[in-house]
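Notes for the one structure printed next.
Here, each number is a calculation from the coordinates, and none is a lab measurement. Note that the structure is predicted; figures quoted are calculated from it, not measured. We place every Cβ from the backbone using ideal geometry, glycine too, and count neighbours over all the protein chains shown.
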Amino acid sequence: MSKMLQLPLRSRQQWASIALQAALVVVIGGLAYGAFINAADNLAKAHIASGFRFWDNTAGFDISQTLIGYSPSTSTFGRAFWVGLLNTLLVASLGIVLATALGFTIGIARLSRNWLVARLAGGYVELIRNVPLLLQILFWYNAVLKSLPDLHSSISISGGAFLNNRGLFLPRPEFADKFDYVAAALVFGIVATLAVRIWARRRQERTGQPPRTLSFAFGLIVVLPLLVFFAAGAPLSFSFPEVGRFNIRGGTEILPEFAALLVALTIYTAAFIAEVVRAGILAVSQGQTEAAQALGLRSGSTLRLVVVPQAMRVIVPPLTSQYLNLIKNSSLAVAIGYPDLVQVFAGSVLNITGQAVEVIAITMAVYLFLSLVTSLLMNLYGRTVGIVER
Amino acid sequence: MQRLATAFAIAMVLAFGAQAASAQTLKAVQDRGQLVCGGNGTLAGFGMPDPQGNWVGFDVDFCRAIAAAIFNDTKKVKFVPLTTANRFTALQSGEIDLLARNTTWTMSRDTTLGLDFAGVTYYDGQGFMVRKSLNVKSALELSDAAVCVQQGTTTELNLADYFRANRMSLKTVTFATANEAVRAYDTGRCDAYTTDASGLYGERLRLADPSAHIVLPEIISKEPLAPVVRQGDDTWEDLVRWTHEAMLNAEELGITQQNVDDMLKSNSPDVRRLLGAEGQFGQSIGLTNDWAYRIIKAVGNYGESFERNVGQGSPLKIARGLNALWTKGGLQYGLPVR
């Protein structure tokens, strides 16, 4: 469209539209302000305490899983908020990683030429995505709890771990000071491997020699840190769990609530991701596969180098939605007592302080923030896999 | 989720609604022709629907007593089952007229929630239930134990306090509802379940094998359970408070569901005042003067309601203990109607 045509439009319709939008912004802003003032007024009239002073008061309740230091006697409601938030982030981030891996596998398997594999993948998707998530969480929780033995008949796993209906208890590594050298060697190994890979990729582009970096990577990431580890005198010990009268003492504990929630979220979301992946792959024209095969690429390489990169730009937007769903669905933790943000903050804290408006507003703001950050990151990633217009 | 929805609803009501004039609860109830009472819904002995769907229990009787005082009809109550999480919000937002749901009267609740507590209907205390097979005789042996508890309760806080005060280590597993906490305890997730002692007896009946569990002797807290109303409606608060006092006075004076009609002919001035034969006490709380007569006729006196729901006439078999009349070594003391 030429600029000559646009100018008269701008003077009439566009100005009208700008005015309308400005008016809308003013109205919405006014409503929000009115709601805020009205709420404060109503709370004051009903003699309900308001404000955020509760944040620094002592919480007084215990939390079963804390990633940061927390003590019921000294920690504040604010600290409880961070404990809950970190628990939410833990289950959501692990869930996203595992659901992505499982979802891609199932999605690709559903397109497999192997009849059985394809049907199994199809059956998985249809079964899982048609049963409500809450029921699945309860199923996994009860299945996990009911089928595991009690404390005194704990399943003892070689290496000093225990499994019972209180959770999975693993030896906890305790690092001596010299372990820093091992960590440094590991970091160096990873950086060096990346450098080697970049060099090998360039060489491939220049000379056509395929990159063979696997043995380099193994040497740098595994052998080198191991050598440093023994040279430093094996600066690592384990605190082993022991069966006590009621519970297992020592070691690291994986709660059954956490396991059940993670498994349920992973399996449920993976079913949707599988369909997203299948749709993405089917969106890549069959001609691309044929062309790749005509060039002599094997089917694995065809998938990895030709089909998936093109499918990604179809996959990423709906994949983002699935990630957002997973983050929000993690709030169903409340049904099985996993101490996530909703359970701890919108549950215990809300009840003890009674400040529903503030607590719910903060909780909603947190989920909004998490979702927006996830969307932003996925959009950035989507840009890197999108079609580059030349 | 239900909790979030309710909390969200009240946030919306507070933000956009104009708060209804709060001093009109009795009139609103009369206009509606029905009392809306917040109850427990899952706690045997206190508030739970029976197999026919009729709510029964100690707290339920209290709501029915108020319905009898207002309407002379114990059926004119609608019970709303509430969780610990949404009970106060439901009352604050006006969804219910009265909360009678084994709720502990504490200073912070009384002063910061915009609510008022109207008389202690049940003196309770927190206890522990464990499996007999653990051979635990005292709560002080529970160091290291995993304890299932319901969140948002005074119980949750007392538990942490008790273990801390006795230098014991604790593994709490917190659930949103008593149902979930009890189920997890029954599955073996926890060594102990803790709630108010009265609740322990009620919940024990729901376990797969009730006889395999015992309630430990320690009572670790004070839990005065009280009906709750919105702050700022003194007439309504008076009505609720004096319903309880009337039931206590009836027990003190020996007036029962059976003999209340005969008692109308009594010469005792205390009895005559309570039953409305003398004085204008009913009118002073916005009712007719035979209000207490109707309460006793419909649900009986305090002791009758206690024994029927949680005492010897019930599967819970809880002793009167602190809830005996003051004349019999308990704490229940009917304020004088005069």
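Taking amide H atoms as placed 1.01 Å from N in the peptide plane, the amide H of residue B:278 lies under 5 Å from those of B:273, each 5 or more residues away in sequence or on another chain. Each Lys or Arg adds one and each Asp or Glu subtracts one; over the other residues with Cβ under 10 Å from the Cβ of residue B:130, this totals +1.
Here segment A:169-236 yields Rg over Rh of 1.17, to two decimals, using C-alpha coordinates and the Kirkwood radius. Computed over segment B:275-322, the P(r) tail beyond 18 angstrom holds 46 percent of alpha carbon pairs. Highest mobility in the GNM of chain A, judged by mean-square fluctuation with C-alpha springs under 10 Å and restricted to A:172, A:201, A:119, is found for A:201. For segment A:1-106, the alpha carbon convex hull comes to 249 Å³ per residue, rounded to a whole number.
Here the Karplus curve 6.51 cos²θ - 1.76 cosθ + 1.60, taken at θ = phi - 60°, turns the phi angles of segment A:108-116 into couplings of 6, 4, 5, 9, 5, 6, 6, 4, 5 Hz, with x standing for Gly and Pro. Ellipsoid semi-axes for segment B:126-221, based on the Cα gyration tensor and the rule √(5λ), read 18, 15, 12 Å when sorted largest first. A Cα-only calculation for chain A places Rg and Dmax at 27.2, 86 Å. The H on the amide N of residue A:252, modeled in the peptide plane, is under 5 Å from the matching H of A:170, A:172, each at least 5 residues off or on a different chain.
Against chain B, whose longest principal axis comes from its Cα atoms, helix B:58-71 is set at around 20 degrees. By the compact-protein rule of thumb, 2.2 N^0.38 Å, the alpha-carbon radius of gyration of chain B corresponds to a ratio of 1.02. Between B:221, B:133, B:93, the GNM of chain B built on Cα springs shorter than 10 angstrom shows B:133 fluctuating the most. For segment A:309-386, the gyration tensor built on C-alpha atoms gives a prolate shape. Its axis ratio a/c (a ≥ b ≥ c) is at least 1.5, and a/b is the larger of a/b and b/c.
Rounded to the nearest 10 degrees, the angle from helix B:178-187 to the longest Cα principal axis of chain B is 30 degrees. For the set A:328/B:132; A:45/B:78; A:178/A:328, the pairs lying more than 30 angstrom apart at their alpha carbons are A:328/B:132; A:178/A:328. When chain B is treated as a GNM, springs tying every alpha-carbon pair under 10 Å, which of B:108, B:198, B:143 comes out with the largest mean-square fluctuation? So, out of B:108, B:198, B:143, the one fluctuating most is B:108. Segment A:280-322 to segment B:183-243: how many Å between their Cα centroids? Cα centres, segment A:280-322 to segment B:183-243: 60 Å. Phi angles of segment B:38-54 translate, via the Karplus equation with coefficients 6.51, -1.76, 1.60 and θ = phi - 60°, into HN-Hα couplings of x, x, 7, x, 10, 9, 4, x, 10, x, 6, x, 7, x, 7, x, 8 Hz per residue; Gly and Pro are given as x. Distant-in-sequence amide contacts of residue B:115, defined by a placed amide H-H separation under 5 Å and a gap of 5 or more residues or a different chain, comprise B:231. P(r) for segment B:240-338, from all Cα pairs and a bin width of 5 Å, is 3, 14, 24, 25, 18, 10, 5, 2, 0 %, short bins first. Remark: segment A:78-92, residue by residue, has Karplus-estimated 3J(HN,Hα) of x, 5, 4, 4, 5, 4, x, 4, 5, 5, 4, 4, 4, 5, 6 Hz, where x stands for each Gly or Pro and the curve is 6.51 cos²θ - 1.76 cosθ + 1.60 at θ = phi - 60°. Kirkwood-type hydrodynamic radius, the protein assembly as shown: 30.2 Å, calculated from all non-identical alpha-carbon pairs. In whole angstrom, segment B:182-314 maps to an equivalent ellipsoid with semi-axes of 39, 18, 11, each derived as √(5λ) from the alpha carbon gyration tensor and ordered largest first.
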